[in-house]
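All remarks here apply to the structure that follows.
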Amino acid sequence: MLWHIEKRLSYLYTGELFSSIIFIVTSFFVNQTFPGLKLYSLLSFWSSFIYLEFLLLQGTVYWYVKWKRLKTEKNSVTPIKLVKQLKSLIKWNTAWMIAAPVGFIVDVVKWAPALPISGLSVSAFIYIFACIEYINYFHVQLSYDNRSDLKYLFITRRLKQSCLRKDFKRLSRGQNTILTKKITHDV
């Protein structure tokens, strides 16, 4: 059973890391191929893109630490120190989520009347995706990509709390250890 969880955690951290790298490469090629989008000239793009990359980095670290701990200690409980660090990032993530739309306002003012609507649309998509990632990591699991998750969703007809949210609750209760058996159902 542990190999299954180890494989899942590896999939999660490598997926987040791969996504962050691919998004950087893709943004470069899109900016080069479609200069009319003016992506790299838009504050809205940079505020949204950096926010998304920052979130993906947090996800990569979270899943990597869980994977590494399971691999070396046969226990995937997230270390309290990491949970505290990620909890402290909630304020930064929320501030960024609120501040990023300012980039759109600046772009509208700066570029009027020749507003690059397509570039703003790409920026808006990235911003919305980043907000969804934030919710997925810190509040409610929005990704259901395996049988266990789909079964839970089908049976309960409600979304799961994110694994990180469960860690925050564990932290607030002052529990430093949870049985590995219980953790296997959370991944």
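Nothing in this text is a laboratory measurement; each read-out follows from the coordinates by a stated rule. Please read these numbers as outputs of a predicted model, since none were measured by experiment. Cβ placement follows ideal geometry from the backbone for every residue including glycine, while neighbour counts extend to all protein chains displayed.
Would you list Leu159, Leu9 from fewest to most Cβ contacts within 10 Å?
On the way: Leu159 16, Leu9 23.
Ordered by Cβ neighbours within 10 Å, fewest first: Leu159, Leu9.
Subtract the Cα-Cα distance of Leu171 and Ala112 from 0.36 nm times their separation in residues, and report this length gain in nm to one decimal.
Values: separation 59, 0.36 × 59 = 21.24 nm, distance 4.86 nm.
Here the answer is 16.4 nm.
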message = Only counting other Cβ atoms within 10 Å, I'd like Tyr137, Tyr152 sorted with the fewest neighbours first.
response = Tyr152, Tyr137
query = Add -39500 (n - 2.57) for each DSSP H run of 4 or more in the chain, then divide by its residues: what number comes out at 222 nm, to the nearest 500 deg cm²/dmol?
reply = -26500 deg cm²/dmol
Listed residue pairs exceeding 30 Å between alpha carbons, taken from Lys74/Lys166; Lys7/Lys166; Lys38/Lys87; Lys91/Lys160 = Lys38/Lys87
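Please give the FRET efficiency for Thr156 paired with Ala99, using the beta carbon to beta carbon distance and R0 = 35 Å, rounded to the nearest 0.05.
After rounding to 0.05, the efficiency reads 0.45.
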note = For the chain, the percent of all C-alpha pairs falling in each 10 Å bin, from 0 up to the bin holding the max distance, is 9, 32, 31, 18, 9, 2, 0
ask   = Under the definition of Cα pairs under 8 Å and six or more residues apart, what whole-number percent is the relative contact order of region 2-184?
value = 28
message = What's the ranking of 41-47, 140-146 by average number of surrounding C-beta atoms within 10 Å, highest first?
response = 41-47, 140-146
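Provide the net charge surrounding Ser19, with neighbours chosen by a C-beta distance below 11 Å and charges set as Lys +1, Arg +1, Asp -1, Glu -1. Provide the component values of the computation, followed by the final result.
On the way: positive: none; negative: Glu16, Glu53, Glu133.
Once all neighbours under 11 Å are counted, the net charge is -3.
List the trypsin sites (Lys or Arg not before Pro) in region 1-98 that DSSP assigns to loop (not H, G, I, E or B) and whose Cβ has at most 13 other Cβ atoms within 10 Å. Which are they?
On the way: sites: Lys7, Arg8, Lys38, Lys66, Lys68, Arg69, Lys71, Lys74, Lys81, Lys84, Lys87, Lys91; in loops: Lys38, Lys74.
Filter output for region 1-98: Lys74.
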